[in-house]
Every structure is written in structure tokens, then in C-alpha cells.
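The values are calculated or read from the model by the stated rules, or taken from the named source; none is laboratory data. Predicted model, so just to flag it, every value in this text is computed and none were measured. All Cβ positions, even for glycine, are placed from backbone atoms using ideal geometry, and neighbour counts span all protein chains on display. Heavy atoms of the whole protein, side chains included, go into the accessibility calculation; ligands, DNA and RNA do not. Shrake-Rupley method; radii C 1.70, N 1.55, O 1.52, S 1.80 Å.
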Amino acid sequence: MPCVSKKLAKQPSVAVFVLEDLSSIRTQRRGKKMNKWLGSWAFYQQEQFLAYKAEALGKRVVHQDPRYTSQKCNVCKYIKRTNRHKSRFQCKNCGHQTHADLNASKNVRDDYILSSTHGTEEQESVNAPCVSGNFVS
């Protein structure tokens, strides 16, 4: 795993790594078989390796709420549990199709971008309605 985190951390075009906040994944009741599988998953170790290597290179690792990221369409933002079936994602609203993990990762990225620009001047100007030529704040 250290090799994977090293390659990720050295990506020259990436300054911030956005990861799902999976801190409660092991505390939820999902059935004996699923809990055993999740309990042996080394995601925490992988995250620690990435954080260590990224921070040594002056990069950041942040966490984003993972709720609905696997059910939400990255194109039209429609949320429906049946959009995802195993590794296949197909939006029931717009028909967008892709690998489910790719769709979810784009949602994690987009949710982070949206939350990090919330309240900035740039975001405010996009959201401010225009009424007869005047922006309303």
C-alpha cells in the first residue's frame, strides 16, 4: 500500500486530496459478514500513508461527508437508491451511465468544491438573483 500512496501523493496536478469521511463505517450494524469484511479493510492505514506523504510535499488531505455520493448522479444530481447496482451506475433521471465508483468519486470531489467555495464572493455572485439589472444579496 505505501507504493500506491506514494504515487498518489506525487501527482503534480493535485494539491488537495478529498477522501470520504469513513470514520463511522466500522460502528454501523450491517450484518455479521459485512462487518467482518469492513473490519479487515485497511482504508485507515491507506489514508494515513497518503496523509503523511502528501503533507510532506505540502499538499492537503481533507474529508468529505459520503452521504448519497453513490446514489447521486454526477451529471444531473438526481438521487435515487436504484441508480446504483453493484459496480454499475445508471441514472434513472437523465440516463447517464458509468462505473459506480467513478460516479461517486466525482460527487465527493464536487461536494468538496461546493462546500469550500460556500460563502465566497465568487459563489455569492453566481447565486445572487438578478432582478431588473440589479443583483439582490
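Only one of 88, 84 is without any contact (Cβ under 8 Å) to a residue 60 or more places away in the chain and open to solvent by 90 Å² or more (accessible area, probe 1.4 Å); which? Sole residue among the options that is without any contact (Cβ under 8 Å) to a residue 60 or more places away in the chain and open to solvent by 90 Å² or more (accessible area, probe 1.4 Å): 88. Being open to solvent by 50 Å² or more (accessible area, probe 1.4 Å), under 19 Å from the mean Cα position of the chain (by Cα) and at pLDDT 80 or above is the filter here, so list the residues in the range 40-57 that pass it. Scanning the range 40-57 gives 45, 48, 49.
Before we move on, is residue 105 in contact with a helix residue (DSSP H, G or I) (Cβ under 7 Å, 6 or more places away or on another chain) and surrounded by 16 or more Cβ atoms within 10 Å (Cβ to Cβ)? Spelling it out, it is not the case that residue 105 is in contact with a helix residue (DSSP H, G or I) (Cβ under 7 Å, 6 or more places away or on another chain) and surrounded by 16 or more Cβ atoms within 10 Å (Cβ to Cβ).
Please go through (1) modelled with pLDDT of 95 or more; (2) open to solvent by 40 Å² or more (accessible area, probe 1.4 Å) for residue 98 and return the number of the only condition it doesn't satisfy. (2) is the only condition that residue 98 fails.
In the range 69-90, what residues are farther than 19 Å from residue 114 by Cβ and in a loop (DSSP other than H, G, I, E, B)? Within the range 69-90, 80, 86, 87 qualify.
Could you please find all residues in the range 1-39 being part of a loop (DSSP other than H, G, I, E, B) and either at pLDDT below 85 or more than 20 Å from residue 50 (Cα to Cα) (or both)? Quick ask: steps written out before the conclusion?
Here is the first cut: in the range 1-39, the residues part of a loop (DSSP other than H, G, I, E, B) are 1, 10-15, 21-31.
Across the range 1-39, the qualifying residues are 1, 21, 22, 23, 24, 25, 26, 27, 28, 29, 30, 31.
Can you find a residue that is in contact (Cβ under 8 Å) with a residue 40 or more places away in the chain, surrounded by 14 or more Cβ atoms within 10 Å (Cβ to Cβ), under 19 Å from residue 11 (Cα atoms) and not hydroxyl-bearing (Ser, Thr, Tyr) anywhere in the range 62-79?
Yes, the range 62-79 contains at least one residue that is in contact (Cβ under 8 Å) with a residue 40 or more places away in the chain, surrounded by 14 or more Cβ atoms within 10 Å (Cβ to Cβ), under 19 Å from residue 11 (Cα atoms) and not hydroxyl-bearing (Ser, Thr, Tyr).
Of all residue pairs spaced 6 or more apart or on separate chains, those with beta-carbon atoms under 8 Å, a first member in the range 96-112 that is under 14 Å from residue 62 (Cβ atoms) and a second member that is open to solvent by less than 70 Å² (accessible area, probe 1.4 Å) and of a type in the set (D, E, K, R) are 108/20; 111/65.
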